[in-house]
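The values are calculated or read from the model by the stated rules, or taken from the named source; none is laboratory data. This one's a predicted model, so the numbers in the text were calculated from it and none came from an experiment. Don't worry about glycine lacking a Cβ; one is built from the backbone with ideal geometry, like all the others, and counts go over all protein chains shown. The protein model used for the area step is the full one, side chains on, heavy atoms only, and it has no ligands, DNA or RNA in it. Shrake-Rupley method; radii C 1.70, N 1.55, O 1.52, S 1.80 Å.
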Amino acid sequence: MKIINDPVHGFINIPRGVLLDIVKHPLMQRLTRINQLGMAYVVYPGARHSRFMHSLGAFHLMSEAIMSLQQKGHFIFDMEAEAVEAAILMHDIGHGPFSHVLEHTLIKGISHEEISLMMMEQINRDLDNQLGLAISIFKDECPKHFLHQLISSQLDMDRLDYLRRDAFFTGVSEGNIGSARIIKMLNMVDDRLVVDYKGINPIENYLISRRTMYWQVYLHKTVVGCEKMLVNILTRAKHLAKQGKDIFAPPALGYFLHNDVDAQWFATHDEALRMYETLDDNDIMSAIKVWAESDDKILSTLATNILRRNLFKVEIYDEPVPQERIDTLQQEIAHKMDIAEKDTHYMMSVNAIQKDTYDVADDSIAILCKDGTIKDIAEASEILNIQTLSKKIKKYFLCYHR
């Protein structure tokens with residue numbers, strides 16, 4: 001086997017064969033050039049870890065979870081174990097540059113999960129169709145539903161790795177979770193993942209840590225402001241490209257700037273996926289460095305500011321942003337930059353962001369009690385205020401050029 005030393009989990013063992021072939025595949029190696037946390041490094045300089053590192057970590061936790069379930073007497077075929085490990089390795093393979101930031105900017109109407117599936121099918125063809133079961137598990141078409149739950153649920157290996165990994169690299173110690181303890185407490189009843197009652201405390205910590213990470217890291221106001229700048233830069237570059245202006249871009253990025261790519265486009269243009277597969281963070285940052293010298297005032301200002309970390313100012317509201325405030329800002333920006341008021345939307349962003357910590361209706365966390373009954377964590381926990389955790393918090397972000 002191949003041994004990889006991971007700073008979060010220690011030594012990760014990858015058996016030779018199909019699993020190592022996946023790790024070595026160019027589509028997996030592409031993830032080494034995509035940041036796990038997008039632009040979060042503007043606030044947390046250590047947050048430079050890649051999607052590839054996260055995928056290896058999720059694979060490691062999956063191996064541990066399979067072993068734990070087998071030790072409790074649940075029969076899992078070796079081919080099923082290998083398939084679910086292959087599926088978790090490839091679960092994020094369709095992410096674009098800077099992760100979620102560009103999902104609805106360069107490409108619209110198609111999710112990274114759908115693109116992941118297309119890439120999995122391609123890897124499957126390259127590996128002589130050895131991944132049929134893995135793809136079936138990923139799509140939740142396998143008779144053993146609990147295998148899919150290990151990939152996508154409230155307690156999947158994806159979340160258990162990224163929360164711990166992101167807390168490690170950002171230095172946000174409050175976000176750290178006891179992933180090893182949670183995995184040891186996993187059990188199964190009637191093809192459904194449950195958690196033994198002894199694991200209730202790590203689950204409580206996990207939910208609170210997840211809440212902390214979302215509002216302190218993923219939705220940190222400076223991170224949100226920077227990501228909106230990045231979106232506006234690409235939106236402006238795409239607008240100029242569609243007008244026929246000469247816009248510098250590496251070939252893969254240029255393809256998405258000059259074409260309106262959506263699900264239908266992917267279905268009818270074979271080259272779209274090939275171009276997407278060569279697109280990574282380096283293409284975006286290389287273009288931004290050149291765009292800083294553009295003769296277009298809006299594009300050059302945005303590009304220069306993001307390189308110099310002169311980021312959008314961010315105001316957060318509990319209610320929708322007053323239209324008068326937006327109108328006033330547009331007038332001030334138009335006057336200050338000497339641009340048309342209709343173009344000021346590139347220099348600002350108004351968004352509503354909604355997030356809950358735990359949704360009982362969305363594949364809830366089941367606790368296996370000592371008497372054999374199964375209760376939702378909301379009912380089993382003595383300290384969690386589940387009404388607070390499940391409440392959807394909505395905040396309104398106003399980001400604008402300083």
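Some notes on this structure:
- Residue-normalised accessible area of segment 293-402, given per residue in Å² at a 1.4 Å probe: 58 Å²
- Cα centroid separation, segment 1-41 to segment 170-190 (Å): 21 Å
- Cα→Cβ-extended label distance, 7 Å offset, between LYS108 and LYS242, nm: 0.7 nm
- Candidates ALA267, ALA47, ALA81, ranked by Gaussian network fluctuation over the chain, Cα under 10 Å, top entry: ALA267
- Highest GNM mean-square fluctuation among ASP371, ASP262, ASP246, for the chain modelled with Cα contacts below 10 Å: ASP371.
- Bridging of LYS336 to lysines at a Cα separation below 26 Å is possible for LYS221, LYS228, LYS238, LYS245, LYS289, LYS297, LYS313, once same-chain residues fewer than 8 apart are set aside.
- Per-residue ellipticity at 222 nm computed for the chain from its helices equals -14500 deg cm²/dmol, with DSSP H segments shorter than 4 residues left out and the rest contributing -39,500 (n - 2.57).
- Estimated dipole of segment 305-357 in Debye, rounded to 20 [Cβ of Lys and Arg +1, of Asp and Glu -1, Cα centre]: 380 debye
- Cα gyration tensor shape of segment 1-138, rounded if a/c is under 1.5, else prolate or oblate by comparing a/b with b/c: oblate
- Top of ALA378, ALA340, ALA40 by mean-square fluctuation, Gaussian network on the chain, Cα under 10 Å: ALA340
- Shape of segment 273-365, Cα gyration tensor, a/c cut at 1.5: oblate
- Given LYS24/LYS144; LYS2/LYS139; LYS184/LYS392; LYS184/LYS370, the pairs whose alpha carbons are separated by over 21 Å: LYS24/LYS144; LYS2/LYS139; LYS184/LYS392
- In range of the label at LYS336: residues from segment 42-84 whose backbone nitrogen is under 19 Å from the point 7 Å along Cα→Cβ: none
- Helix 112-126 axis, angle to the chain major axis (alpha carbon atoms, nearest 10°): 60 degrees
- When the square roots of the Cα gyration tensor eigenvalues are ordered a ≥ b ≥ c, the ratio a/c for segment 81-168 is 1.5 or more and a/b does not exceed b/c, which makes its shape oblate.
- At most 13 other Cβ within 10 Å, DSSP loop - trypsin sites (Lys or Arg not before Pro), segment 294-349: ARG308, ARG309
- Each of SER381, MET337, VAL314 was scored by the projection of its Cα onto the charge dipole of segment 301-402, and the greatest displacement toward the positive side belongs to MET337; charges sit on the C-beta of Lys, Arg, Asp and Glu.
- Annotation: aspartates and glutamates with alpha-carbon distance below 20 angstrom to LYS108 (same-chain offsets under eight excluded): ASP92, GLU227, ASP260, ASP262, ASP270, GLU271, GLU277, ASP280, ASP281, ASP283.
- Sparse-neighbourhood loop sites, trypsin sites (Lys or Arg not before Pro) in segment 1-108 - DSSP loop, at most 15 other Cβ within 10 angstrom: ARG16, ARG48, LYS72, LYS108
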